Number of protein chains: 2
Amino acid sequence: MPSIDDLDTPSILIDAARAEANITKAQAHADRHGLKLRPDIKTHKLPYWAKKQVAAGAVGITCQKIGEAEVMADAGLTDIFLPYNILGRAKLERLKALHGHVTLSVTADSHETLQGLAATFTDGGHPLSVLVECDTGMGRCGVQSPAEAVVLAKAINRAKGLSFGGLMTYPAAGRAAEAEAWLRNTRNTLAVDGLECRRISSGGTPDMWRSGQDSVVTEYRPGTYIYLDRYQVAKGVGTLDDCALKVLATVVSHPTPTRAILDSGSKALSSDTLGLPDFGELVGVPGARITALSEEHGNVTLSGGARLRIGERVRVVPDHCCVVTNLFDQVHLVDGDKVLETLPVAARGRMG
Amino acid sequence: MPSIDDLDTPSILIDAARAEANITKAQAHADRHGLKLRPDIKTHKLPYWAKKQVAAGAVGITCQKIGEAEVMADAGLTDIFLPYNILGRAKLERLKALHGHVTLSVTADSHETLQGLAATFTDGGHPLSVLVECDTGMGRCGVQSPAEAVVLAKAINRAKGLSFGGLMTYPAAGRAAEAEAWLRNTRNTLAVDGLECRRISSGGTPDMWRSGQDSVVTEYRPGTYIYLDRYQVAKGVGTLDDCALKVLATVVSHPTPTRAILDSGSKALSSDTLGLPDFGELVGVPGARITALSEEHGNVTLSGGARLRIGERVRVVPDHCCVVTNLFDQVHLVDGDKVLETLPVAARGRMG
């Protein structure tokens, strides 16, 4: 079996047992609270993990792009949610083809999106499930009020080839109570009109762990929980030890006693810090901080007598694992220093 | 001939005539000032443009990774500079193989790097050219003083299978005069010892345009000049009209009069703003600013009566084009609305 010593750097290492444990733990939490899990594959982009997530009890998966959904459908995943406004003839045709062989659902937050869907999906015998996207405080997509949600839900319900699937939101950080009230209000108003919310879908790994039995939310779409990262650790979701994804890097320069340079820059670790100080956590080297990135170099600032050695290999827990996965064509599943398997990041680069 | 209306979004559009004009203009500037150009292919990662750059008069190309150099060598590029400390047996073996069929040069900034090179390259009849990397103020890799540079240059000169190729630096922004003095001092000291700097190589698109006849620098390694981007425009290198790379995006949501959402987030436009406000420039829509990105969404804030239409396609000049290229598997060369050619980003994802 190959060793990580045989890998070139930078490379992505996935602690396979740790990722499996993270899947199991989240599923157990969801089961305990009567929630359905529908993991967002954006974090790993691998059929390998999507299948493991479903095998553990997930009701299906979430994709962000039709191209991702196509890869997952080809790999045998059968229930796919695309919480995105799908617009334009080319994408709508691909969506229709996908609907022919998997259980598919999407979202809409406007009559323009709805019109495109309604014109494409016309078979009342096999309708496409459409959820209304609700802006419960995040300030991104989504209808702006429960009243708007009700109008759109009714319009979906009237379209012959569509069926109203429920409500979807991505909650603003720290505003879960507001989202809860928003969604409950909408659900109850719709119920008066005889429209049932079959699913009320919410997202975000940190919020999943705070969710409880009494929520109006029926399913969660966590993504990062499988790998975790420095941002999730900062949010209290886990410890650095729980992080399954690490970037294996080499120290390529040590020009001063307090400065070392890694072969991993913004094209490996990404500039997306999610607001954290530093560009990742150098594991096992207290006093070492990744304080700057250029495209192919990571600057490490050393203090308190910390030293690295030129040629030494180090492991970095990135700030945001989802955007790191998106930079690499392959990942290595590892058990300690053993490489169990090398997988192509099959759904990477599927832009549309 | 296909039209950009046939492309899915997000996609990268390259104005082919504009990129060619940018190549021609830089080469003319270099020729006028007696400088050699050795473009860094990091910006485009395409053999197509590397060949055009050489055809226009560049002495060779610069790559950041052995994998990039391998792609370029396979495509017929014959003179490649890797201004990087190459460490580790696997990389050194690949470097040796490459040296067998192209004119190759690399850098070193430490005795550790030098030792690896010297142990791998032992043929005095076909030595590898090694330049000393100098930290002239950037604070990244590089020896810290002219005295250190001289010691390392002499050590390279003593190694049987290596030849001392000169000096290399990436200058700190706004400290070109300091870099110039540093390099001149080192060159003159080496000359006293009979060691000639065959090349003194500097980098950075903005600095290239400020360089003049009286510089000690003999070659420049500009990257971004071929496409330009919002950062280069901010630095005064060109106008928005000179930017050859744009991301074609679709407006997927318009939840409030002052907020629209694009289908291009940090996985298409990158979070790397290089310190600029906003995450790119929306072309032709005054009053529209890209004020936030999440992974698959770009938030546009509208003011002054600016409106977008759901389903509308827009073009975005990114803040930093090099990291955007790195996110896409293909680019489309265009002439106005005509798609001339679609090229795979052949050297993308070559991490090691």
Checklist entry - Just the projected area, averaged over all directions, of the convex hull on the alpha carbon atoms of the range B:20-114: how many nm²? => result 6.4 nm²
Item to check | Separation in nanometres of the label points that stand 7 Å from Cα toward Cβ, at B:L274 and B:T78 | outcome: 3.3 nm
Checklist entry - Can you pull the three principal axis extents for the Cα set of the range A:33-226, in Å, largest first? => result 39, 38, 26
Checklist outcome for this item: The FRET efficiency for A:A191 and A:R32, from their Cβ-Cβ distance with R0 = 30 Å and rounded to 0.05, is 0.65
Checklist outcome for this item: Over the Cα atoms of the protein assembly as shown the radius of gyration and the largest Cα-Cα distance (Dmax), both in Å, equal 26.7, 92
Checklist entry - Taking 0.36 nm per residue of separation and subtracting the Cα-Cα distance, what length does fully extending A:D123 through A:E178 add? => result 16.1 nm
Item to check | Rounded to 10°, Cα long-axis angle of helix A:16-32 versus longest principal axis of chain A | outcome: 30 degrees
Checklist outcome for this item: Taking the square root of 5λ for each eigenvalue of the C-alpha gyration tensor of chain A, the equivalent ellipsoid has semi-axes, largest first and in whole angstrom, of 40, 21, 18
Item to check | Position A:G139, label points 7 Å along Cα→Cβ, spacing to each other copy in nm (shortest first, one decimal) | outcome: 3.1
Checklist entry - Quick one: helix A:146-158 against the long Cα principal axis of chain A, what's the angle to the nearest 10°, folded into 0 to 90? => result 70 degrees
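Out of all DSSP beta bridges with both ends in the protein assembly as shown, state the antiparallel percent to the nearest 5.
Working: 60 of 120 bridges.
The answer is about 50 percent antiparallel.
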Item to check | Backbone N under 13 Å from the B:S294 label point (7 Å along Cα→Cβ), restricted to the range A:63-77 | outcome: A:64
Checklist entry - Using a label point 7 angstrom from Cα along Cα-to-C-beta, what distances in nm, from shortest up, separate A:D337 from the other copies? => result 6.2
Checklist entry - Does the range B:129-227 classify as rounded, prolate or oblate by the C-alpha gyration tensor (a ≥ b ≥ c root eigenvalues; a/c under 1.5 gives rounded; else a/b over b/c gives prolate, otherwise oblate)? => result prolate
Checklist entry - List the aspartates and glutamates whose alpha-carbon lies under 13 Å from that of B:K91, not counting same-chain residues fewer than 8 positions away? => result A:D5, A:D6, A:D8, A:D263, B:E68, B:E70
Checklist outcome for this item: For B:K338, counting only lysines whose alpha-carbon sits under 19 Å away and dropping same-chain residues fewer than eight positions off, the answer is B:K246
Item to check | Ranked A:C63, A:C197, criterion: other C-beta atoms within 10 Å, fewest first | outcome: A:C197, A:C63
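In peptide A:246-257, what is the residue-averaged number of other protein chain Cβ atoms found within 10 Å of each Cβ?
4
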Item to check | Approximate spin-label separation B:S145-A:T301, in nm, with each point projected 7 Å along Cα-to-Cβ | outcome: 2.4 nm
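From the mean inverse distance of alpha carbon pairs (Kirkwood) and the Cα radius of gyration, derive Rg over Rh for the range A:175-256.
Values: Rg = 19.4 Å, Rh = 15.6 Å.
On the Cα set of the range A:175-256, Rg over Rh gives 1.24.
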Item to check | Candidate lysines for bridging to A:K96, where Cα separation is under 24 Å - those fewer than 8 sequence places away on the same chain excluded | outcome: A:K42, A:K45, A:K51, A:K65, A:K154, A:K160
Checklist entry - Cα centroid distance between the range B:282-323 and the range A:274-308, in Å? => result 33 Å
Checklist entry - Could you give the angle, 0 to 90 degrees to the nearest 10, between helix B:89-99's Cα long axis and the longest principal axis of the Cα atoms of chain B? => result 90 degrees
Checklist outcome for this item: Inter-chain shielding metric for A:134-141, i.e. average beta-carbon neighbours from other chains within 10 angstrom, reads 4
Checklist outcome for this item: Bridge orientation stat for chain B from DSSP, antiparallel percent rounded to 5, came to 50 percent
Checklist entry - When each copy gets a label point 7 Å from Cα toward the beta-carbon at B:N185, what are the spacings between them in nm, shortest first? => result 6.8
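FYI, it's all coordinate maths here, none of it is from the lab. Everything numeric in this text was worked out from a predicted model, so none of it was measured. Quick reminder, even Gly has a Cβ in these numbers, built from the backbone with ideal geometry, and neighbours come from all protein chains shown.
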